[in-house]
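The values are calculated or read from the model by the stated rules, or taken from the named source; none is laboratory data. A quick note: this is a predicted structure, and the numbers were derived from the prediction, not measured. All Cβ positions, glycine included, derive from the backbone under ideal geometry; neighbour counts span all protein chains shown. These area figures cover heavy atoms from the full protein model, side chains too; ligands, DNA and RNA do not enter into them. Shrake-Rupley method; radii C 1.70, N 1.55, O 1.52, S 1.80 Å.
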Amino acid sequence: MILTTTNKKGGTGKTTLNTLLAEFLYRHAQKVLIIGLDPNCSISEVYGKVLQDQNSKLLLTGREVQPYLLKEHESGGSLSIIPEDLDLSMLSNVMDTKLKLEIKKQSLVKKYDYIIIDPPGTWNAQTRNAVFASDTIIVSGKCSPLDYKATLQYMDTLQDCCLESEVFVVCNAYNKNRDPGNIWEQYKNTFGDFMIENPIPLVNSFQKLVQNPEYKIPATVESRMMNFIQTVTGKEWA
């Protein structure tokens with residue numbers, strides 16, 4: 001299954017949410033591959049894989065790529081990454097379905113239970129490749145008027161693409177004390193059935209989760225993330 005968390009605006013917490021998604025699936029012994037497509041190398045920095053020879057620029061230009069293994073689960077799962085390249089933005093003319101073709105050609109779907117794509121926070125060739133490759137698209141927005149407006153416009157953009165993917169909207173990095181305009185209610189009223197039932201809370205322990213496999217996730221984050229993962233994967237998780 002291929003999932004992408006995305007928006008046309010930066011700063012919506014998509015990389016954090018993609019990382020949380022990858023970590024939760026890995027902790028449930030799934031084989032997970034992260035593909036970074038953001039020239040800012042955001043998710044590569046999270047995992048200490050910046051400026052690597054094997055990267056998504058090679059993947060988008062049709063060359064064979066060997067993912068970097070980040071960690072292995074005692075129950076058989078794994079977490080790997082194909083990191084970004086600083087020159088990714090130079091690939092402005094790559095066709096929108098190139099990533100989808102290469103994922104199939106290089107048998108990545110057969111090797112991994114889940115592929116999570118982290119595109120840039122703008123509508124460009126890399127984002128379009130992520131969108132057209134995905135089975136499920138998660139549009140992430142924080143509780144701000146700007147994020148809400150960007151999400152509204154982005155949903156219109158996705159609709160114009162005539163995608164067959166399943167699309168969800170999630171309110172991310174939520175803190176009710178930082179929602180004075182009640183933007184959360186606007187999200188729910190506007191996006192209806194597309195909306196994930198509960199917002200994802202602000203995660204202050206993000207680096208601990210990534211770096212320490214023994215780290216116990218706070219109960220509030222655990223329950224919201226489990227609901228989120230069950231919704232976007234269509235699978236019940238114990």
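The requirement of being farther than 25 Å from residue 24 by Cβ, out of contact with any Phe, Trp or Tyr (no Cβ under 6 Å at 6 or more places or on another chain) and surrounded by fewer than 19 Cβ atoms within 10 Å (Cβ to Cβ) is fulfilled somewhere in segment 78-88, by at least one residue.
Flag not set for residue 74, criterion: in a helix (DSSP H, G or I) and open to solvent by 10 Å² or more (accessible area, probe 1.4 Å). Residue check: residue 104 meets all listed conditions (1) modelled with pLDDT of 90 or more; (2) under 28 Å from residue 147 (Cα atoms); (3) part of a helix (DSSP H, G or I); (4) not hydrophobic (A, V, I, L, M, F, W, C) but one, namely (2).
Give the residues of segment 24-73 that are touching a residue at least 12 places away in the same chain (Cβ under 8 Å), out of contact with any strand residue (DSSP E or B) (no Cβ under 9 Å at 6 or more places or on another chain) and acidic (Asp, Glu), sorted by residue number. 64, the sole residue that qualifies. Scanning segment 1-47 for residues that are closer than 23 Å to residue 113 by Cα, out of contact with any Gly (no Cβ under 8 Å at 6 or more places or on another chain) and part of a loop (DSSP other than H, G, I, E, B) turns up 1, 37, 47.
Within segment 77-101, the residues that satisfy the criterion of being more than 17 Å from residue 33 (Cα to Cα) and assigned to a helix (DSSP H, G or I) are 88, 89, 90, 98.
Taking the conditions (1) within 29 Å of residue 172 (Cα to Cα); (2) modelled with pLDDT of 95 or more; (3) open to solvent by less than 10 Å² (accessible area, probe 1.4 Å); (4) more than 15 Å from the chain's Cα centre (by Cα) in turn, residue 31 satisfies each one other than (3).
I'd like to check something: does segment 20-33 contain any residue that is among the acidic types (Asp, Glu) and more than 23 Å from residue 106 (Cα to Cα)? For segment 20-33, residues among the acidic types (Asp, Glu) and more than 23 Å from residue 106 (Cα to Cα): present. Filtered by the rule that a residue be touching a residue at least 60 places away in the same chain (Cβ under 8 Å) and open to solvent by less than 10 Å² (accessible area, probe 1.4 Å), segment 94-129 gives 99, 103, 108, 115, 116, 117, 118, 119, 120, 126, 127, 129. Across segment 130-149, the number of residues qualifying as in a helix (DSSP H, G or I), open to solvent by 10 Å² or more (accessible area, probe 1.4 Å) and touching a residue at least 12 places away in the same chain (Cβ under 8 Å) comes to 4.
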